[in-house]
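See below for the structure under consideration.
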Amino acid sequence: MSNDNEFTGADILLKALKDQEVDTIFGYPGGAVLPIYDAIFGQNFLKHVLVRQEAGAVHAAEGYARSSGKVGVLLVTSGPGVTNVVTGLTDALMDSIPIVCISGQVPSHLIGTDAFQECDTTGITRPCTKHNYLVKDVSKLSETIHEAFKIASSGRPGPVLIDIPKDVQFAKSKYISKKDISFREHRIKAGSKKVDKNFVKELVNHIKKSERPIFYVGGGCLNSGHQASQELIELVNKTNIPITTTLHGLGCFPGEDKSSLGMLGMHGNYEANLAMNKCDLMINVGARFDDRVTGRLDAFSPDSIKFHIDIDQSSINKNVKVNFHTNTDINLTLKEINSFIDTNNIDFGDKDYRNWWGQINEWRKKDCLHYEQGDEVIKPQHAISRLYELTKQKDTFVTTEVGQHQMWAAQYYKFSKPNRWITSGGLGTMGFGMPAAVGAQMANPDSLVIDIAGEASFLMNIQEIATAVQYKLPIKIFILNNEYMGMVRQWQELLHGSRYSESYVDALPDFKKLAESFNAVGVRAKNINELDDTINEMISIDRPVIADIWVDKKENCFPMIPSGAAHHEMLLSKYDKENPENQEKGKVLV
Amino acid sequence: MSSTSVYPTPINAFKQSKRSVLSVIVDNEPGILARIVGLFSGRGYNIEALNVTVVDVKKNLSRITIETLGEEKVISQIIAQLEKLVPVHSATNLANLSESYEAEICLVKIEFENEEQDQKILNFADIYRSRTVQKRQNIVVYEISGTSERINKFLDDLDTIGGIKVELVRSGPIGLGI
């Protein structure tokens, strides 16, 4: 019974993706998705990027989403195809990145029989997705896909998975377009669109009364869109309140602006953490009081009144109790605050928080990011500083792996726009950065995309270099090579008597030759004299480049709030010693 | 003199831990129970009792009632997490409503040996107004309903009779706000 209005499940998927304006999909074929790959073969709106392992697909989709503001999409087969993306889905869930993962499943009649490449996909991915589906009926496929995109991108964004058995990919049904679907509101969880006027009024009143206010801004501001950043900049300029951002908030506010105290938290700036500790008014804009940020909870900002703007109700009062909160979108709320200040002619001009800024400038004099660059061995901090200086005039996106290099990148690379900084924060996934760079370059073909990497992380998804070469993506992998899992070694040094158990990475490849064997380009800087030339050479080459930067092997990342310590108990250099009581407590934390 | 602990003991957390009954309305779809149970186990919350039934066939809704233990902060967090699940319409802590009613049903099978025991059992059954489902020579099955506390008391009282064998099943509490 064939009908002209009926399409196969595979074709319905393609139609829905087109309807959702998806132009790029990262994937890897296999038995249970062959019908979909066949449909991809016969079309030209969708560019498929063949990764080398499914983990690469999911991180690339994350990089694509973060750098473009759109939903990232990936396609994997059943069984191992799916289990390989579990890390990336969890990463996207922790960091609120909108992605949709399409997975193939064994045919319906084989589900539950331990068939070849069968696994309980929805069971395995349930705790690491915002939502997931197993589509057993092709007539439900269109609305499922459209709902998945809506859920992934609404409210607090996150990953959604759609599992499609092979027989459903062949079965036929009508296609229902996006505009003909009416979403059920309770399932979308979009958050309130109505600004809480009382919250706004209270906030402005408290700003007027406060002596030591601070903005604490997180990735939620990023997810609220570029306009949210504009509103934030306007509000900071109006009020002259200092602002600190989390790892994911970097770029929401220009990092070089005088009001910016830089990043806060475990490896945050001295002035940022001290200001958080001593403030009397904290305005949290889309941050979640993560343990890397708060340090010891009972000593976290003891004297402040706390306001919290977060679209996710469960982030409110989870780790830290706040005095006022709203679950409305950040952009809308900030806009209302700005217009409230304007319409009521509230002038903060004479206030200026002069004493507060005086105190902050005292803290700034500590120059907590100071390092001594000698005339031979490259300091990793210096490598990032030079990279920043030599690329800041360009349209640049930076991704990272996880570890010391990531923290140095956050400290020494300054971001002036949102969505330019793509890193794995919540989950801390080594191997994230290079595939994420592939995704970011796909979304921004004309921009400079750099993965700031450590040699250990880079080796975790090294196969994706082939993807970059195949699609002529001129990503730059900037490796701070110290031959150690640097952050592991740092913790062993601080907490485990310098017993460097298994943190030395022996038998490293020659990264230059490795690049050449992949048909990419390898460059190397062994000492300080070669650094600038190497960076300039790397930037000038219009192909994938691996830059192997040999840095000081024993350098540690400071400032540091050791686990279990409070904001005002920072270590500023290797000469600072930790309070032994904290050290014992910190040992059992992460 | 006793040594001081290196870690503070969170006495308050235990002290303030109290029983709550949560009522959750959900779309009746595959996996919803697994989502809820997974949320509890994944985040380290307790489920003391659980009850799931379709309550609206037309709208395809189920009501899930969960008895849990935790301090108020934890209960609020559980509710916020439940409400984030896509198929969840609402999650309510019955204790926060101005008026709500709660019931549980329990079937008890009692095997006894002599008349004295039989008399005592009959006496308790009468006090608690439990319904006789079946009575044989030396076996009786009762149905008792009411709050969980009431059932607990009934079972405690039965416990005072020596030499009888009790087997039982409980539905877990269900509740409704007015």
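How high is the FRET efficiency from A:Ser540 to B:Ala34, r the C-beta distance, R0 45 Å, rounded to 0.05?
Values: r = 54 Å, r/R0 = 1.20.
FRET efficiency, A:Ser540 to B:Ala34: 0.25.
Take every DSSP beta bridge with both residues inside the protein assembly as shown and express the antiparallel ones as a percent of the total, to the nearest 5. Provide the component values of the computation, followed by the final result.
Numbers: 49 of 114 bridges.
Once the DSSP bridges in the protein assembly as shown are tallied, antiparallel ones form about 45 percent.
So which trypsin sites (Lys or Arg not before Pro) in region B:21-60 pass both tests, a DSSP loop state and at most 14 other Cβ atoms within 10 Å of the Cβ?
B:Arg43, B:Lys58, B:Lys59
Working out 0.36 nm times the residue gap between A:Ser182 and A:Ser447, then minus their Cα-Cα distance, what length gain in nm do you get to one decimal? Walk me through the intermediate numbers first.
Details: separation 265, 0.36 × 265 = 95.40 nm, distance 3.79 nm.
Length difference between fully extended and current span is 91.6 nm.
Shape verdict for chain A, please, from the Cα gyration tensor: rounded (a/c under 1.5), prolate (a/b greater than b/c) or oblate. Don't jump to the answer; show the numbers that get you there.
On the way: a/c = 1.89, a/b = 1.26, b/c = 1.50.
Because a/c hits 1.5 or more and a/b fails to exceed b/c, chain A counts as oblate.
Assign one of three labels to chain B, namely rounded, prolate or oblate, based on the Cα gyration tensor with a ≥ b ≥ c the square roots of its eigenvalues; rounded applies when a/c is under 1.5, prolate when it is not and a/b is larger than b/c, and oblate otherwise. Could the numbers behind the result be given before it?
Working: a/c = 2.55, a/b = 1.39, b/c = 1.83.
It is oblate, given that a/c is not under 1.5 and a/b is not larger than b/c.
Positive end of the dipole of chain A, charges at C-beta (+1 Lys, Arg; -1 Asp, Glu), about the Cα centre: which of A:Ser182, A:Val236, A:Ala61 has its Cα farthest in that direction?
A:Ser182
Would you count, across region B:58-178, every pair of lysines whose alpha carbons are under 27 angstrom apart, provided the pair is eight or more residues apart or spans two chains?
Lysine pairs satisfying the spacing and distance rule in region B:58-178 number 13.
Once all Cα-Cα distances of region A:261-315 are split into 5 Å bins that start at 0, what whole-number percent is in each one?
5, 20, 27, 31, 14, 3, 0
Could you tell me how many degrees, from 0 to 90 and to the nearest 10, lie between the Cα long axis of helix B:32-42 and the main elongation axis, the longest principal axis, of the Cα atoms of chain B?
80 degrees
Using only atoms on other chains, find how many Cβ atoms lie within 10 Å of each Cβ of peptide B:80-87 and report the average.
On the way: counts 8, 3, 1, 4, 9, 4, 13, 4.
The per-residue average across the peptide is 6.
When only DSSP loop residues count, what trypsin sites (Lys or Arg not before Pro) in region A:277-327 have their Cβ near at most 13 other Cβ atoms within 10 Å? Present the calculation step by step, with values, prior to reporting the outcome.
On the way: sites: A:Lys278, A:Arg288, A:Arg292, A:Arg296, A:Lys306, A:Lys318, A:Lys321; in loops: A:Arg288, A:Arg296, A:Lys318, A:Lys321.
Those satisfying the criteria are A:Lys321.
To the nearest 10 degrees, how steeply does helix B:148-159 sit against the main Cα axis of chain B, on a 0 to 90 scale?
Tilt relative to chain B: about 40 degrees.
Quickly work out the A:Lys513-to-A:Glu584 label distance, labels modelled 7 Å from Cα along the C-beta direction, and quote it in nm with one decimal.
Label at A:Glu584, label at A:Lys513, 5.1 nm between them.
For chain B, calculate the relative contact order in percent as a whole number, restricting contacts to Cα pairs under 8 Å that are 6 or more residues apart.
Working: 297 pairs, mean separation 46.0, N = 178.
Computed value for chain B: 26 percent relative contact order.
Tell me, A:Ser573, A:Ser108, B:Ser130 in order of fewest to most beta-carbon neighbours within 10 Å? Working shown, then result.
Working: A:Ser573 13, A:Ser108 16, B:Ser130 22.
So the residues, fewest neighbours to most, are A:Ser573, A:Ser108, B:Ser130.
About its Cα centre, what dipole magnitude does the protein assembly as shown give when the only charges are +1 on Lys and Arg Cβ and -1 on Asp and Glu Cβ, stated in debye to the nearest 20? It would help to have the intermediate numbers written out before the result.
On the way: 84 positive and 96 negative charges, 233 e Å.
Roughly 1120 debye for the protein assembly as shown.
Please arrange A:Leu473, B:Leu69 by counting, for each residue, the other beta carbons lying within 10 Å of its beta carbon, fewest first. Please report the intermediate quantities before stating the final value.
On the way: A:Leu473 21, B:Leu69 15.
The order, fewest Cβ neighbours first, is B:Leu69, A:Leu473.
What aspartates and glutamates could a cross-link reach from A:Lys577, if we take a straight Cα to Cα line under 18 Å and drop same-chain neighbours fewer than 8 places away?
Of all the aspartates and glutamates, those that pass the test against A:Lys577 - Cα under 18 Å, at least 8 places apart if same chain - are A:Glu493, A:Glu555, A:Glu569.
What percent do you get for the relative contact order of chain A when only Cα pairs under 8 Å and 6+ apart count? Present the calculation step by step, with values, prior to reporting the outcome.
Values: 1312 pairs, mean separation 81.9, N = 590.
After rounding, I find 14 percent.
Under unit Cβ charges (Lys, Arg +1; Asp, Glu -1), what dipole magnitude, rounded to 20 debye, does region A:506-561 have relative to its Cα centre?
Details: 7 positive and 11 negative charges, 31 e Å.
Using Cβ point charges on Lys, Arg, Asp and Glu, region A:506-561 gives about 140 debye.
Counting other Cβ atoms within 10 Å, keep those with at most 16, restrict to DSSP loop, and tell me which trypsin sites (Lys or Arg not before Pro) in region A:140-239 are left. Show your work: numbers first, answer last.
Numbers: sites: A:Lys140, A:Lys150, A:Lys166, A:Lys172, A:Lys174, A:Lys178, A:Lys179, A:Arg184, A:Arg187, A:Lys189, A:Lys193, A:Lys194, A:Lys197, A:Lys201, A:Lys208, A:Lys209, A:Lys238; in loops: A:Arg184, A:Lys189, A:Lys193, A:Lys194.
Listed in order of number, the matching sites are A:Arg184, A:Lys193, A:Lys194.
In which sequence would A:Leu203, A:Leu514 go, from the one with the fewest C-beta neighbours within 10 Å to the one with the most? List each step's numbers first, then the result.
Values: A:Leu203 22, A:Leu514 18.
Ordered from fewest to most neighbouring Cβ atoms within 10 Å, A:Leu203, A:Leu514 come out as A:Leu514, A:Leu203.
Along the positive direction of the dipole of the protein assembly as shown (beta-carbon charges: Lys, Arg +1; Asp, Glu -1; about the Cα centre), which of A:Asn277, A:Leu494, A:Thr399 reaches farthest?
Positive-end residue among those listed: A:Asn277.
Could you give the size of the charge dipole of region A:390-496 about its Cα centre, using +1 on the Cβ of each K and R and -1 on the Cβ of each D and E, expressed in debye and rounded to the nearest 20?
Numbers: 8 positive and 8 negative charges, 82 e Å.
Its charge dipole is roughly 400 debye.
Which is farthest toward the positive dipole end of chain A among A:Leu17, A:Ile124, A:Leu110, measuring Cα position about the Cα centre, with Cβ charges +1 (Lys, Arg) and -1 (Asp, Glu)?
Positive-most Cα among the choices belongs to A:Leu17.
Across peptide A:305-313, what mean number of C-beta atoms from other chains lies inside 10 Å of a residue's C-beta? It would help to have the intermediate numbers written out before the result.
Working: counts 0, 0, 0, 0, 0, 0, 0, 2, 7.
Shielding by partners across A:305-313 averages 1.
For chain A, just give the cysteines left without a disulfide-compatible partner, judged by no other Cys Cβ under 4.7 Å.
Cysteines of chain A left without a disulfide-compatible partner: A:Cys101, A:Cys119, A:Cys128, A:Cys279, A:Cys368, A:Cys557.
Decide, for region A:3-110, between rounded, prolate and oblate: order the square roots of the alpha carbon gyration tensor eigenvalues as a ≥ b ≥ c, take rounded if a/c falls under 1.5, and otherwise choose prolate if a/b is larger than b/c, else oblate. Kindly include the intermediate steps, with their values, before the conclusion.
Details: a/c = 1.91, a/b = 1.28, b/c = 1.49.
Since a/c reaches 1.5 but b/c is at least a/b, the shape of region A:3-110 is classed as oblate.
Quick note: the coordinates plus some simple rules give every number you see, no bench work behind them. Since the structure is predicted, the reported quantities are computational estimates derived from the model, not experimental observations. Note: ideal-geometry Cβ built from the backbone for every residue, glycine included; neighbour counts use all protein chains shown.
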